[in-house]
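The values are calculated or read from the model by the stated rules, or taken from the named source; none is laboratory data. Predicted model, so just to flag it, every value in this text is computed and none were measured. All Cβ positions, glycine included, derive from the backbone under ideal geometry; neighbour counts span all protein chains shown.
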Amino acid sequence: MSVTHNTAEHSNFLEIRGLKKEYTAGNPILKGIDIHITEPGIVAIIGPSGTGKSTLLRCINRLIDPTDGQILFDDSDLCLAKGSQLRKLRRQVGMVFQEYNLVERLTVIENVLTGRLGYMSAWKAWRRKFSQQDINTAFELLEAVGLSEHAKKRADSLSGGQRQRVGIARAVMQNPRILLADEPTSSLDPKTAVEIMELLQRFSDEKQLPTLVNIHDVKLASRFAKRMIGMSNGVVVYDGPPEGITDEHLKQIYGGESWLV
Ligand SMILES: Nc1ncnc2c1ncn2[C@@H]1O[C@H](COP(=O)(O)OP(=O)(O)OP(=O)(O)O)[C@@H](O)[C@H]1O
């Protein structure tokens, strides 16, 4: 890949302190999360349905407002950012979604280019006036994700795996300093899921991007993550290397043991 972006000099990518989220008062979903991300690589977040994994990622990119705590990113507290400062911070946080969130009626290359909208004036964004440099970068990224020959096709003509590749290219097009992926493989077959994780790992390595991935498949997570965060009931109960996770940890995270084989 020849697209140049980030350097490896960051040592404090993201620090989450005491993060709390209540959707309804008195019913906390996140109960005080502390996570410090100091290096690139895949960090897998595992935990049962409803434990707050998506809520955590949505707080980090401020799709939702945290109730309390700090999310320190690029010398600012994302929890406090508003207006143009929030817009500037958000474009440094790339997001990949389970259901891809592409604009189905646009072409593949147009979808990748939408990753640049946060950098453009409202007028240019409305007219979709992308610079030649952005267009070149979008084509390079499409090549990097193996979809060059699909550039002019409508997004809704692609398979799920191809759509997720577009979603990843769009997130990287943002030139982010951190990537968040919310169950990026859950809608895909096992082989395609591995290919998507390989792609995330490749971008994470080449662009020195910390990549937080919510994922249900513990085996797949262990294969690609350098660090696993196990959440249960709104708190972190494991934070360490994949090889350190024991059956005891899994019982603590998911509860019960009949599902363990
Ligand atoms: N917008 C919302 N308003 C109210 N409650 C919400 C909202 N979004 C999520 N919740 C609740 O917060 C809890 C955590 O949901 P969240 O989606 O963060 O969990 P999760 O760990 O990502 O689950 P899954 O693995 O099934 O995606 C759930 O009880 C959910 O119903």
**Asked** Out of the residues in the range 151-191 that are of a type in the set (A, V, I, L, M, F, W, C) and within 16 Å of the ligand (Cβ to nearest atom), which is nearest to LYS207 (Cα to Cα)?
**Response** LEU180
**Item:** All helices (runs of 4 or more DSSP H) inside the range 177-261 with 2 or more residues being touching a Leu at 6+ places or on another chain (Cβ under 7 Å), buried (at least 16 other Cβ atoms within 10 Å of the Cβ) and not β-branched (Val, Ile, Thr)
**Value:** 190-206
**Message:** Please pick out the residue among GLY26, GLY115 that is within 14 Å of the ligand (Cβ to nearest atom) and either surrounded by fewer than 16 Cβ atoms within 10 Å (Cβ to Cβ) or more than 28 Å from GLU243 (Cβ to Cβ) (or both).
**Reply:** GLY26
**Prompt:** If we scan the range 74-82, do we find a residue that is within 12 Å of the ligand (Cβ to nearest atom), within 19 Å of ARG17 (Cβ to Cβ) and in contact with a helix residue (DSSP H, G or I) (Cβ under 7 Å, 6 or more places away or on another chain)?
**Reply:** no
**Request:** May I ask you to list pairs of residues, at least six apart or on different chains, whose Cβ atoms are under 6 Å apart, with the first in the range 196-224 being over 12 Å from ALA181 (Cβ atoms) and the second being not in a helix (DSSP H, G or I)?
**Result:** GLU206/MET1; LYS207/HIS5; LYS207/ASN6; GLN208/ASN6; GLN208/ALA8; GLN208/PRO40; VAL218/ILE46
**Message:** Out of everything in the range 47-59 that is more than 6 Å from the ligand (Cβ to nearest atom) and under 15 Å from the mean Cα position of the chain (by Cα), what residue ends up being farthest from ILE16 (Cα to Cα)?
**Reply:** ARG58
**Asked** Counting only residues that are within 18 Å of the chain's Cα centre (by Cα) and either surrounded by fewer than 14 Cβ atoms within 10 Å (Cβ to Cβ) or aromatic (Phe, Trp, Tyr) (or both), how many does the range 68-85 have?
**Response** 1
**Among (1) free of Cβ contacts under 8 Å to residues at least 40 places away in the same chain; (2) under 17 Å from the mean Cα position of the chain (by Cα); (3) under 30 Å from SER159 (Cα atoms) - the single one TYR100 does not satisfy** = (1)
**Item:** Residues located in the range 220-254, provided they are farther than 26 Å from VAL93 by Cβ, at pLDDT 95 or above and either among the charged types (D, E, K, R) or under 19 Å from the mean Cα position of the chain (by Cα) (or both)
**Value:** GLU243
**Request:** Starting from the range 13-27, keep only residues that are under 15 Å from ARG58 (Cβ atoms) and among the hydroxyl-bearing types (Ser, Thr, Tyr), then list their pairs with residues that are within 13 Å of the ligand (Cβ to nearest atom) and part of a strand (DSSP E or B) whose Cβ atoms are within a distance under 7 Å, requiring at least 6 positions of separation or different chains.
**Result:** TYR23/ILE29
**Prompt:** Of all the residues that make up the range 213-235, how many are more than 16 Å from SER186 (Cα to Cα) and within 14 Å of the ligand (Cβ to nearest atom)?
**Reply:** 7
**Request:** Filter the range 10-29 for residues that are farther than 21 Å from PRO184 by Cβ and part of a strand (DSSP E or B) and give the result.
**Result:** GLU15, ARG17, GLY18, LEU19, LYS20, LYS21, GLU22, TYR23, THR24, ASN27, PRO28, ILE29
**Asked** Which of (1) touching a residue at least 60 places away in the same chain (Cβ under 8 Å); (2) within 16 Å of the ligand (Cβ to nearest atom); (3) under 13 Å from the mean Cα position of the chain (by Cα) is the odd one out, the single condition ARG62 does not satisfy?
**Response** (1)
